[in-house]
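All remarks here apply to the structure that follows.
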Amino acid sequence: MPDLSLFHFYFFLTLAAGFIIGVIVGSYALSQGFASYEYLCTHDEQQFVNSTEVVDTTSDIASSTILNDPLALGPSVLDLASMAWNESLGFGDVLYVSMPDRTDRQDAMNLAASMSGFKLRLIDGVDGNSVSPKAIPDDEDFKWVKLNPSEVGCWRAHVNAWRYVLDSNLETALIIEDDIDWDKNIHKVLQDLSLQMQNNTLRRVLPTDHERTSAPYGLDWDVLFMGQCNDQAYPNRRDLVQAYDDPNVPSRKDTEVPFLNQMASLGIEGDDVGKKRLLSPAYGPACTMGYAITRRGAQRLLLHLSYMRLRGPVDLDIMWNLQDGNIRGYTVTPPLFAAWRVGGQKDSDNKPAPNMTISGNGNKGGWSRNIKTSARLAMVNELAMDNWKDYMNKGTGPEKQINEREMEVHN
């Protein structure tokens, strides 16, 4: 008769071995599943480098992708994008350049920024006449270029902003000028941009772990143009574009011709105008009303626009360096920052001639383009009140007035 105790021993030993093998196989399969998911959440660099079609992240095809499904984005992506709501708009700092004597513009900028919920740090503008000729970089190939004092001063002020980024050990900074406007929903606009840049199909390198956890706009760029006055796309690769829906994009009638042409050259026309915004490699942006830089970008700009040479006005020389491939950047179209114009001599920092009048329309008659909902116009309406009319509303007590205002806020 067989020994039952020995039989039971081998039986349970076999079960235990099977259980262990099952756990090992299951763990391996599960790990491969997570690895596959992680791979799908990253970009195949070769795939998007060789892409020959417009990447429209809001098309029917893309509507089920991670980028367009908020529930699939994951907490890290959404948390990073939410940094656009902080007091520096998700950048290390927001710097604005203003001549010391333009206190009128400084008042306006600080007021508008406070109403929009972010803070500004002043970078003093520079009088070009105060810059020593010895301090202006040489360029043997461009000796015929003679910068006027205002161009020299503008260059020097922006160089000082780049130096501030390095001196302050900032990873990124947004640099704006003192005569601009933006959308009143600027935080939402930049949050949407952050989501796009975190899922950027135009990158040349995959994002680092640090970027995935700490960089709302990525760090694979030197300059991010968001306040240009003119633009053109890289002519040899017009397929390099990422289009996305933005409820705060300006309508066709509020978008200036250069940006309509830029969008058309990148394949966005018809009903998509006034609905979509574009992200594309920076090639031909002009003006420096609003742009962001990374720390590496500040270093490259100082190298090519100060240490090595200076070929012309600061915005044009940045553009030439983009076209030469010395620096890398992106352009947002239509732009997020636009010129605010009041008419007359106050639209310029140049000293007026003695016989010229200074007065113009003033901020009350000011205007901007390429913006859906002007922050400057919105703040005037938001701060408007009629104190004595409130007092004259008979039968309306303080408690009722407070409740009515609370309802307005909630609505």
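The values are calculated or read from the model by the stated rules, or taken from the named source; none is laboratory data. Computed from a predicted structure; not experimentally measured. For neighbour counting, all protein chains shown are included, and Cβ atoms are generated from backbone atoms with ideal geometry for every residue, glycine included.
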(request) Taking Arg238 as meeting all but one of (1) surrounded by fewer than 19 Cβ atoms within 10 Å (Cβ to Cβ); (2) at pLDDT 95 or above, write down the number of the exception. (result) (2)
(message) Cβ-Cβ distance below 6 Å, separation of 6 or more or different chains: which pairs start in the stretch 69-94 with a residue that is within 21 Å of Tyr164 (Cβ to Cβ) and among the acidic types (Asp, Glu) and end on one that is surrounded by 12 or more Cβ atoms within 10 Å (Cβ to Cβ) and modelled with pLDDT of 95 or more?
(response) Glu87/Phe118; Glu87/Lys119; Asp93/Arg121; Asp93/Leu170; Asp93/Ala173
(message) Of everything in the stretch 279-334, what is charged (D, E, K, R) and either buried (at least 23 other Cβ atoms within 10 Å of the Cβ) or at pLDDT below 95 (or both)? Give them in sequence order.
(response) Arg309, Arg311
(request) Taking Gly274 as meeting all but one of (1) without any contact (Cβ under 8 Å) to a residue 40 or more places away in the chain; (2) under 28 Å from Lys372 (Cβ atoms); (3) in a helix (DSSP H, G or I), write down the number of the exception. (result) (3)
(request) Being at pLDDT 95 or above and charged (D, E, K, R) is the filter; apply it to the stretch 243-271 and report the residue that is surrounded by the most Cβ atoms within 10 Å (Cβ to Cβ). (result) Asp246
(request) Output the number of residues of the stretch 327-350 satisfying the condition of being polar (S, T, N, Q) and within 21 Å of the chain's Cα centre (by Cα). (result) 2
(request) Looking at (1) in contact with a helix residue (DSSP H, G or I) (Cβ under 9 Å, 6 or more places away or on another chain); (2) of a type in the set (S, T, N, Q); (3) over 24 Å from Gly128 (Cβ atoms), find the lone condition where Thr288 falls short. (result) (3)
